[in-house]
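J.: Below is the structure I would like to discuss, written out as structure tokens.
Each reported figure results from applying straightforward, stated rules to the coordinates on display, with no laboratory input. If you're wondering where the values come from, they're calculated on a predicted model, not measured in any experiment. Cβ placement follows ideal geometry from the backbone for every residue including glycine, while neighbour counts extend to all protein chains displayed.
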Amino acid sequence: MTATKRTSETTRASASGGFTAEERAAMQERAKEVKAARRRPGAAQEADQLAEVLAKIAAMADVDRVLAERVHAIITTAAPELTPRTWYGMPAYAKDGKVLAFFQDAAKFKARYATLGFNDSARLDDGEMWPTSFAITELTPEVEQRIGDLVRRAAG
């Protein structure tokens, strides 16, 4: 399939209110994740999930892979109680079975940049409005510190 055809299909799906090919692929990945979780509960499942997270990171384009590897290291150091797993095909980190944070590479939905996102179970509430997703273009020491702080706070 050519890039032009993919783009026109994506545009048609979005314009008609349907799902894009990328969104459908993410939903299919999520269905596989749910089925796999039912088959192997417990420690074996956690080992499989970590292997899947590392495989997803390894398959990313170089720029995003470097970011994802470092974000993974920051998250697992800042909140070792979180369980790495995939979520809609993205590296994610769960607490008590609920995904708290996830890393979305730019290619996932053809975005300009990678993002670190937090779900509503993350304890980031700050008044009436607060960010739940952060664009990442470079990991400076300050950005790494902020990610660690956010993850610790989210895992609270």
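J.: Mind listing the long-range amide H neighbours of Arg85? Cut-off is under 5 Å, sequence gap 5 or more, other chains count too, H placed in the peptide plane at 1.01 Å from N.
T.: Excluding prolines and chain starts, which carry no amide H, the hits are Ala92, Tyr93, Ala94.
J.: Whole-Hz ³J(HN,Hα) for each residue in the range 70-79, computed from phi via Karplus 6.51 cos²θ - 1.76 cosθ + 1.60 with θ = phi - 60°, x for glycine and proline: what do you get?
T.: Using θ = phi - 60°, the values come out as 6, 4, 4, 5, 5, 5, 5, 7, 5, 9 Hz.
J.: A further question follows. Normalised by the residues of the range 59-115, what does the relative contact order come to in percent, with Cα pairs under 8 Å and at least six apart? Working shown, then result.
T.: Numbers: 59 pairs, mean separation 14.3, N = 57.
Relative CO of the range 59-115 lands at 25 percent.
J.: Going by a ≥ b ≥ c, the root eigenvalues of the Cα gyration tensor, does the range 60-156 fall in the rounded group (a/c under 1.5), the prolate group (a/b larger than b/c) or the oblate group?
T.: On the way: a/c = 1.39, a/b = 1.31, b/c = 1.06.
Taking the square roots of the gyration eigenvalues as a ≥ b ≥ c, the range 60-156 is rounded.
J.: Here's another thing I want to ask about it. For Val63, what charge total do you get from the other residues with a beta carbon under 11 Å from its beta carbon, if Lys and Arg give +1 and Asp and Glu give -1? Intermediate results must be reported in sequence, preceding the final value.
T.: Working: positive: Arg65; negative: Asp62, Asp64, Asp105, Glu138.
With Lys, Arg at +1 and Asp, Glu at -1, the net is -3.
J.: Can you give me the distance in nm between label points at Lys98 and Arg24, each placed 7 Å from the Cα along the Cα-to-Cβ direction?
T.: Between Lys98 and Arg24, the simple spin-label model gives 3.3 nm.
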